[in-house]
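The values are calculated or read from the model by the stated rules, or taken from the named source; none is laboratory data. All values derive from a computational prediction rather than experimental measurement. Heads up, the Cβs are rebuilt from the backbone with ideal geometry, glycines too, and the neighbour counts pull from every protein chain shown. In case anyone asks, the SASA skips ligands and DNA or RNA and just uses the protein heavy atoms, side chains included. Shrake-Rupley method; radii C 1.70, N 1.55, O 1.52, S 1.80 Å.
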Amino acid sequence: MSLTKRKDTLPIPPVDAERYTTVCQYCSAGCGYNVFVWPEKRSGTAKSNAFHVDLSKQGDIMSGFSYTETMHNVITRKNGNRYNLAIIPAKESRINKGDYSIRGGTNALTAYTPTGVTKDRLKYPLLRKENGFVAISWDHAVEIIATLTKKSMDKYGADSVAMKFYDHGSSGLGFEDNWGAGKFFLTGVKTQYLSIHNRPAYNSEVWGSRERGMHELNYDVDDARLADTIVLWGANAYEGATIFYTEHIMPNLQGGSIDEKKREFASGEPADEGRIVIIDPRKNATTTVSQDISAERVLHLRPNLGTDWILANALARIAWENKWYDNDYLQKRTDMKTFEDYKSKSLELAKSLSAFLADAEKITGVSRKEMEEAAAWIAKPKAGGFKRRTLTLYEKGIIWNMKNYDQVAAIAQLNVLTHNVGRPGTGCGRLGGHQEGYVRPGAPTPGSIYAGGPPKNVDKYVTGGGGKIYWVGATDPYLSTPNSKFFKKSVKKRATDLLDYLDNGGIPSDPKAYIAKVLEAFEKTDGLFMVVQDIYKTHTSEDAMLILPAAGWGEAVDTSINCHSRLLRIYDKFMDAPGEALPDWKILALVGNKIKALYTADGNKEMAARFSGMEWKTDAEVFADGAQEFGDNRATEAEEARLSAECYKGVTHEMLRKLGNEGIQTPVRQDPATGKLFGTKRRYQHTFASKDGLFKWYGTDAWTGYPAEIAKYLDNPTYPYWFTTGRSQHVWQTMYHDKRIPEKLMTVPLPYLEIHPDDASKLSLNTGDMAEVFNEEGSCLALVYVNDATKPGLVFGIMFHAKGTMNNLTSSYTDPKTTIPWYKGTKVGVKKYYGKLDDAIKTVSLLSNNDFRTQ
Amino acid sequence: MSDISRRKFLQTTSASALLLFSGLGRESQAASVQSYPSKKIGNIKNLKVNEPLAFNYPDNNSPCVLVNVGKEASGGIGQGKSVVSFSTRCTHMGCPLTYNNGRLVCKCHYSMFDVSRNGQTYQGLASQWVAQVVLRLDAATGNIYAEGVEGLIYGRIGNLKLS
Ligand code: SF4
Ligand code: FES
């Protein structure tokens, strides 16, 4: 009768089970986990086991030890033997303290098993033939892609090779793989057509903060428990960085961290329950959970899409008028020359306050009263004149907004104006999506339009016929790139042109003949040779010519940092990768070494040198090699601002293995006096990360309306709804693992749309119906939830889903200053779907996921 | 866990703690024979829609709830297949679940389970769906018996394995 297979008992690891530390493969929180592996037939006992927990007793509530059905699996190692695998949340981690989310709680279910839900992991390199993909050897795969890359570069230049590769930690795996990809593409190939996972270009999403001298990860989890006020701006923490919310924000709202505050604050300084300002057009679960805890300590502002920087400037202007700033701090720590520009363009001091705020009200749709209240919660000194402590975290609602650069800059500046950075309980930066692990040679475009940019738009390049080889690593642009319908159509056509050429007369299986024919096709067609490197087949890999099987989480040794403490830890290898799958760094090293050999054979020393330095044998060597990129990290505590945020120089895998869940916080510095390594808890207490150490102000642009890509819809009655997107609590990214886990797919079986009851009744839509969502860019069929999360006139969709993508609807607009897309806003029409309802409707829950009330 | 959440739990469990002592004494022995006991937990004629009935199963230390959700539910018994039963230990970290309007809600970290959909976590942190009690209806008397549990009760290595 159960919809899924259930267990009512779990295997017990014996005391001598293998034990590893790791970190969750998913979100920015980076919860610590412990891994246990033991032979299938062996068992510990209730009293004596590797958990060192008495399992003969009913477990206590919130004890920090959890071992549930989803935390166990049975794996097969290369030796052919079967082993139990248990992956349980680490109680000793100060990030999660034994807590875990619905995503991380299923880490064990994602492990590769030859007969289970993950059995279709990629195991061998695959080459596309007449009737689909066939397995080939690594030797042939490497020969093919290395020779094609080299010959393409020789004949058409380095820019004939385009790439879209992840650059982050956690699921993508961290520093090791990113250094491998960086060496190959940035030092070796040296193409300008690089792009980062889902997006169209190679850029930081927060140049608006970095170019002010402030890296976006500058706070610690403790600051969320110490803050007087937390601001979540376009950042759905409860559903996106869950444990950061439940372990650090929630206790603060509940008053559970008042004692900690008293210890950390100045004597006499008020220490109360925290407040939260949520700035989001949607009444999402973060809002309603917070309201359930204490409605009077939650302020929810719902600006019109695309207008947040105007709102941030309005809050700053209110703070300015009320003198809620520390002049001494501004003079000492910020650049007063550029401050003039900020005052005139962002604060618009030439305009009267009432005229300024009246304009802001009109643009943002947020009332002056709400603005004044929010500004007071953020900046108004506490009783006794003590500075308020506000932690402001923004994420995709800001980053993937219209005018990325100005949005981020405006929020960073609001926080520095009010001295809400570099003190306990403050900070201003990203909530983060995934974890981080970036170490690469310098990128071709160092910054925004103000610092040598903007970077090239690779989507426009490949869809416009540019490039011969397109290398896609651990990302699925058919789902995740903006304006994905157009992207898919264009890339499919180019891939099909190439395939048709190869197919004419048969696709040779001899690598040399195959290479010769592809090179001929490069000459005669505008075909695109797409390589997909991933752990599963993807939507994009349908049109790949070559698929390379990569190792996943737990199948190689990796390292990453989380976002809320920059906590560097080891993600140890606890199992073998399926078949012949290899870590990404190793795949790129194999190809790099082969290209080097080809150039050496040509006598081309210069090009051979570009591809050298990838002769690594182990993960640890790659990690150590990457560290050199960070330069000299001898610095005192007061000099930490000059260190790169993710600097780990001096740290080794062995050290991290010993530190386990404790880890070390980047940037890691070497103390000049003692040579000892130290982590950095909180950043910018002393100086900022600019040449002279001063924060650099910037005068933001004025409101000039919407870009042409959106403006075309404004007065068109066919597309009456504003449309925004986001994620679901349950599933990670494109659902590459989750679509295989029955519980997950049953709960989120289809792309879905949230619509306000007022709009739904006009369209005769009910929860559980299907709707067509459409505009001139594309369309998507979605399951309907009618609820009050959205406002009348605004609909919300899950960004992408294994069964369809809402990115079909997003425009090709990118911020001209940074080439960052506006994923989160366009306009659409909505119609009731008249086809038959998917069977999934029978098992999905149709209850409202933002209603937690029990009275 | 934050102190506040723990405190909150202590307040909310006092009611269910009382229930721990109200069950039948025999069930703890069932653990040693490894099979679920059959236990009469209520009568269908007395069950009103959305008015949950608390009981313990398969032993005194396992609070559960029996409820008529008023519409067809996965695993439901009775004429409308609308009577279902679940463990009320939250599968996330064990806090007590409250039944409200078709769902079980946990106020520790806000997991919510849909009782007409097999106890699936439709929101929140619990990666395991809540454990569902297998029911049998005696058509003649209307008596409802608990006869098994599908899924693991939180805090146990096995549903019947407590000493
Ligand atoms: S909150 Fe994030 S890191 Fe923690 S368990 Fe969940 S997905 Fe993993
Ligand atoms: S114990 Fe955490 S949600 Fe129930």
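So the values come out like this:
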{"quantity": "Total accessible area lost when A and B pair, probe 1.4 Å, Å² to nearest 100", "calculated": "5200 Å²"}
{"quantity": "Cα gyration tensor category, rounded, prolate or oblate, for segment B:40-163 with a/c compared to 1.5", "calculated": "oblate"}
{"quantity": "Average partner coverage of A:103-111, which counts Cβ from other chains inside 10 Å", "calculated": "2"}
{"quantity": "Prolate/oblate/rounded label for segment A:708-843 (Cα gyration tensor, a/c 1.5)", "calculated": "oblate"}
{"quantity": "Highest average packing first - A:538-547, A:5-14, Cβ atoms within 10 Å", "calculated": "A:538-547, A:5-14"}
{"quantity": "Residues along segment B:103-124 losing 50 Å² or more of accessible surface when the other protein chains are present rather than the chain by itself (probe 1.4 Å)", "calculated": "B:ARG103, B:LYS107, B:HIS109, B:TYR110, B:ARG117, B:ASN118, B:GLN120, B:TYR122, B:GLN123"}
{"quantity": "Mean Cβ count within 10 Å, highest first, over the residues of peptides A:333-343, A:247-257", "calculated": "A:247-257, A:333-343"}
{"quantity": "Heavy-atom surface of chain A, accessible at 1.4 Å and reported per residue (Å²)", "calculated": "33 Å²"}
{"quantity": "Segment A:18-110: projected area of the alpha-carbon convex hull, averaged over directions, in nm²", "calculated": "6.3 nm²"}
{"quantity": "Considering only segment B:39-150, percent of DSSP beta bridges that pair antiparallel, nearest 5", "calculated": "95 percent"}
{"quantity": "Dipole magnitude of chain A, debye to nearest 20 (Cβ charges: Lys/Arg +1, Asp/Glu -1, about Cα centre)", "calculated": "260 debye"}
{"quantity": "Tensor-based shape of the protein assembly as shown (alpha-carbon gyration tensor, a/c under 1.5 rounded, otherwise prolate or oblate)", "calculated": "rounded"}
{"quantity": "Accessible-area composition of segment A:18-110, carbon plus sulfur, in percent [1.4 Å probe]", "calculated": "53 percent"}
{"quantity": "Residue pairs, from the table A:LYS396/A:LYS460; A:LYS283/A:LYS836; A:LYS283/A:LYS832; A:LYS345/A:LYS817, whose Cα atoms sit over 26 Å apart", "calculated": "A:LYS283/A:LYS836"}
{"quantity": "Straight-distance crosslink candidates among lysines, where the alpha carbon sits under 29 Å from A:LYS57 and sequence neighbours closer than 8 are dropped", "calculated": "A:LYS5, A:LYS7, A:LYS41, A:LYS47, A:LYS91, A:LYS97, B:LYS8, B:LYS39, B:LYS40, B:LYS107, B:LYS161"}
{"quantity": "For segment A:218-430, size of Cβ-based charge dipole, Lys and Arg +1, Asp and Glu -1, in debye", "calculated": "400 debye"}
{"quantity": "Peptide ranges A:471-482, A:489-500, B:148-159, A:672-683 listed from the most packed, as the mean C-beta count within 10 angstrom indicates", "calculated": "A:471-482, B:148-159, A:489-500, A:672-683"}
{"quantity": "Simple Cβ-charge dipole of segment A:632-677, Lys/Arg +1 and Asp/Glu -1, about Cα centre, in debye nearest 20", "calculated": "140 debye"}
{"quantity": "Percent antiparallel among DSSP beta bridges (both partners in the protein assembly as shown, rounded to 5)", "calculated": "65 percent"}
{"quantity": "Listed residues A:GLN665, A:GLY213, A:VAL591: farthest to the positive end of the dipole of chain A (Cβ charges)", "calculated": "A:VAL591"}
{"quantity": "Share of carbon and sulfur in the accessible heavy-atom surface of segment A:708-843 [1.4 Å probe, %]", "calculated": "54 percent"}
{"quantity": "Entries in A:LYS488/A:LYS739; A:LYS403/A:LYS827; A:LYS524/A:LYS586; A:LYS791/B:LYS48; A:LYS456/A:LYS712 that, when Cα-Cα distance is taken, lie over 29 Å", "calculated": "A:LYS524/A:LYS586; A:LYS791/B:LYS48"}
{"quantity": "Reduction of at least 30 Å² in accessible surface, 1.4 Å probe, comparing all protein chains with the chain by itself, residues of segment A:32-65", "calculated": "A:LEU55, A:SER56, A:GLN58, A:ILE61, A:MET62"}
{"quantity": "Average beta carbon contacts from partner chains per residue of A:211-222, 10 Å cutoff", "calculated": "0"}
{"quantity": "Rel. contact order, % - alpha carbon contacts under 8 angstrom, at least six apart, chain A", "calculated": "18 percent"}
{"quantity": "Rounded to the nearest 10 Å², the accessible area of A:LYS803 at probe 1.4 Å", "calculated": "110 Å²"}
{"quantity": "Extreme residue, positive dipole direction of the protein assembly as shown, given options A:TYR461, A:SER779, A:ALA17 (C-beta unit charges)", "calculated": "A:ALA17"}
{"quantity": "Area accessible to solvent at B:ARG117, 1.4 Å probe radius, in Å²", "calculated": "50 Å²"}
{"quantity": "For segment A:524-571: relative contact order, % (alpha-carbon pairs under 8 angstrom, 6 or more apart)", "calculated": "26 percent"}
{"quantity": "Residue-averaged 222 nm ellipticity for chain A, from DSSP H runs of 4+ at -39500 (n - 2.57), nearest 500", "calculated": "-7500 deg cm²/dmol"}
{"quantity": "Listed residues A:LYS183, A:LYS261 arranged by accessible area, highest first, probe 1.4 Å", "calculated": "A:LYS183, A:LYS261"}
{"quantity": "Average partner coverage of A:245-258, which counts Cβ from other chains inside 10 Å", "calculated": "4"}
{"quantity": "Fraction of accessible area attributable to carbon and sulfur, segment A:218-430 (%, probe 1.4 Å)", "calculated": "46 percent"}
{"quantity": "Charge-dipole axis of the protein assembly as shown as Lys and Arg at +1 and Asp and Glu at -1 on Cβ define it, positive-most pick from A:VAL416, A:TYR698, A:VAL557", "calculated": "A:VAL557"}
{"quantity": "Viscosity 1.002 mPa s, temperature 20 °C, Stokes-Einstein D of segment A:218-430 from Kirkwood C-alpha radius, µm²/s", "calculated": "125 µm²/s"}
{"quantity": "Spatially proximal lysines relative to A:LYS380 (Cα-Cα < 22 Å; intrachain offsets below 8 disregarded)", "calculated": "A:LYS261, A:LYS262, A:LYS323, A:LYS332, A:LYS343, A:LYS369"}
{"quantity": "Over segment A:728-855, relative contact order from alpha-carbon pairs under 8 Å, at least 6 apart, %", "calculated": "28 percent"}
{"quantity": "Rounded Å value of the spacing that divides the Cα centres of segment A:446-502 and segment A:131-189", "calculated": "15 Å"}
